[in-house]
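Single-structure report; data block below.
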Amino acid sequence: MTSKRDIRTMLRQKDHNGSPAEASAIINRLVSHPRIREAKVVMLYHALPDEVPTRELMTYLIKEGKTVLLPRVISDTDMELHRYTGEKDLRQGAFGIMEPMGELFTDYATIDVAVIPGMAFDRQRHRLGRGKGYYDRFLSQLSTLNSQLYKIGICYPSRLLDEIPVDEHDILMDEVIS
């Protein structure tokens, strides 16, 4: 089997970014998803250039009265969640990622859905991250505090692979939308 490092290299070398139409279709599927529609608190992410953009979804969820949370990197190993209420909450942070500066959020047990990015996912719902382990550590902590948390991985169709190598610490998604 190909290594995680080799898959990341391949994804960076080839244009595996999706089209605006693919991104829109993924966001539309999320907007109509029963878990998202019923959720009161949703964890999202602010997209990097090769990830499915979530700005449209963030705006929609806020208009619907939902609490939107975004992660912020706080050390070489950890991240925390902050409320997102609009563009005014964002500042460029670690790794050039736009991060929230809103109110710190620690009531992890109330998060209904976490929408998670990945460099790729596979058909068994495994996630390939960027190799630093931020999401795996954080989701492990969240799942310990919130056994009802529903994890949705999203990626462009070209980044849904047949198989990704799995390590013991990798967190399985409940569903992947591509």
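For the reader, a short list of remarks on this structure follows.
- Near residue 83: Cβ cut-off under 10 Å, other residues only, Lys/Arg at +1 and Asp/Glu at -1. The net charge is -2.
- Cα gyration tensor shape of segment 1-98, rounded if a/c is under 1.5, else prolate or oblate by comparing a/b with b/c: oblate
- Coordinate range along principal axes, alpha carbons of the chain, Å, largest first: 43, 34, 31
- Charge dipole (segment 56-178, unit charges on Cβ, about Cα centre) - positive-most of 67, 131, 153: 67
- At full extension, residue 143 and residue 73 could sit 23.3 nm farther apart than now, given 0.36 nm per residue minus the alpha carbon distance.
- Candidate lysines - alpha carbon under 25 Å from residue 88, same-chain residues fewer than 8 apart omitted: 40, 63, 66
- Per residue accessible area of the chain, 1.4 Å probe, in Å²: 51 Å²
- Rounded to 5, percent antiparallel among DSSP beta bridges of segment 47-178: 55 percent
- The charge dipole of segment 1-45, taken about its Cα centre with unit charges on the Cβ of Lys, Arg, Asp and Glu (plus for the first two, minus for the last two), comes to roughly 200 debye.
- Solvent-accessible area of segment 54-117 (1.4 angstrom probe, protein heavy atoms only): carbon and sulfur portion equals 48 percent.
The values are calculated or read from the model by the stated rules, or taken from the named source; none is laboratory data. Keep in mind the model is a prediction, meaning the values are calculated, not measured. Methodologically, a virtual Cβ is constructed for each residue, glycine included, from the backbone with ideal geometry; neighbour enumeration extends over all protein chains shown. These accessible areas exclude ligands, DNA and RNA; they are computed on the full protein's heavy atoms, side chains included. Shrake-Rupley method; radii C 1.70, N 1.55, O 1.52, S 1.80 Å.
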